[in-house]
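Please treat every number below as a calculation from the coordinates, not as lab data. In this text, all values refer to a predicted model and were calculated from it rather than measured experimentally.
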Amino acid sequence: TVSIISVKRYISPDHWKDISHNCGGDHQSPINIEKTKVKRDDHLGGITFQGFDQAPPGQWKLMNDGHSVLLSLSGDIYISGAGLPNTYKALQFHFHWGGPNKDGSEHTLEGKQFPIELHIVHMNTKFSSITEAKKDPQGLAVLGILITVGEAENPNYSTLVAAMKNVSLEGDFTEIPTFPLENLLPPKNKLTQYYRYQGSLTTPDCSEAVIWTVFELPISVSQTQVKETKTSTSLHSYKK
Ligand code: SG7
Ligand code: ZN
């Protein structure tokens, strides 16, 4: 008998523009954030978080999509204010990390890369699908949370890392109990310190449809938790 095996071709980020025109655009993410080039804008103000302080009913689905480990959110979770042109609904969050011995944040601060980066993806409520939202520069709003190594284990992160071990291969999924999303944000009194710019999705098709908010302060997890994240799952590559 002959078996036909389908092989997924590996495409490095340098060649993403060959498969998706957007990836060669002028407003591509991620970026290196340099303080000397940032302008302070006191009119932006703080983000209004809605539904971040409670665990919605039911469970959330965690899956390995090949580029990241992604958690599909349910419940009424929204952000607005802070210069955003509308209210944005939280759809999913996911993580980016490097190889076992390589940092993996996508955004860098003054050239410094962090071990892991968390993205909470929100869609402008005037749209009803990602496909529509991706065509508009104000279609999506992503919150970027940098993750650094600290002394203590982060209890909020433990459930997630434990569940990641169940989605080690592309296409795998599992269910996990919901929790208040604010558990994954920097401390409340630091949330007004963020960087804002107009950018793109960081994976193909690289649509330039994202209002980025990258928090200045990282959250911290233990060295063991970083290691567990990096080894739990196998993924493709990133721009960084
Ligand atoms: C990951 O990054 C997934 C994608 C996400 C993409 O591949 O999380 O999510 C889905 C649902 O495919 O794309 C549209 C979208 O959220 C890029 O997201 S990112 O720019 O925040 N890294
Ligand atoms: Zn991302």
proj_area_mean for the chain (convex hull on C-alpha atoms), units nm², value 14.8 nm²
Name the most mobile residue of 94, 15, 107, meaning the one with the largest mean-square fluctuation, in a Gaussian network model of the chain with Cα contacts below 10 Å.
15
For the chain, with a Gaussian network of springs between Cα atoms less than 10 Å apart, report the residue from 65, 103, 18 with the top mean-square fluctuation.
18
Largest to smallest principal axis extent of the C-alpha atoms in the range 178-228, angstrom:
33, 29, 23
Please report, for the Cα atoms of the range 1-111, the Rg to one decimal and the Dmax as a whole number; what are they, in angstrom?
19.2, 69
For the chain, modelled as a Gaussian network with Cα springs under 10 Å, which listed residue fluctuates most, 142, 161, 38?
38
With a 32 Å threshold on alpha-carbon distance, the violating pairs from 17/188; 89/230; 39/89; 112/134; 135/165; 102/135 are 17/188; 135/165; 102/135
